[in-house]
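First the structure, in the form of structure tokens, and then the observations on it.
The values are calculated or read from the model by the stated rules, or taken from the named source; none is laboratory data. What you see is a predicted model; the values in this text were computed from it and never measured. Glycine also receives a Cβ, built like all others from the backbone with ideal geometry; neighbour counts cover every protein chain displayed. Note: areas computed on protein heavy atoms with side chains; ligands, DNA, RNA excluded. Shrake-Rupley method; radii C 1.70, N 1.55, O 1.52, S 1.80 Å.
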Amino acid sequence: MKNNFIKLYILSFVLFSDIMLFAQPGQDQGGGGLEGEDPPTASINEKLIWFGIVGILFAFYSYKRRLSRV
């Protein structure tokens, strides 16, 4: 039981410290709005097909590897 508590504590520490490391304070402009324009979005839509194919191949490879061990 104590081992599970330690693992949960470490996991929560890593998750919360990750959020704090990447959070950046905004620049107050006096009018109540924080920061100006957002950066342009990443163009991931063009690569979704390739990500799906790679994911299916990886799942097939993992499944095949697991069957070869048994």
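Of note:
- Test result for Leu34, open to solvent by 100 Å² or more (accessible area, probe 1.4 Å), at pLDDT below 85 and in contact with a strand residue (DSSP E or B) (Cβ under 8 Å, 6 or more places away or on another chain): yes
Residue-by-condition table, conditions (1) at pLDDT below 85; (2) exposed (fewer than 10 other Cβ atoms within 10 Å of the Cβ); (3) not in a helix (DSSP H, G or I):
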| site | (1), (2), (3) |
| --- | --- |
| Asn4 | no, yes, no |
| Ile10 | no, no, no |
| Gly26 | yes, yes, yes |
| Lys47 | yes, no, no |
| Val54 | no, no, no |
| Tyr61 | no, no, no |
| Arg65 | no, yes, no |
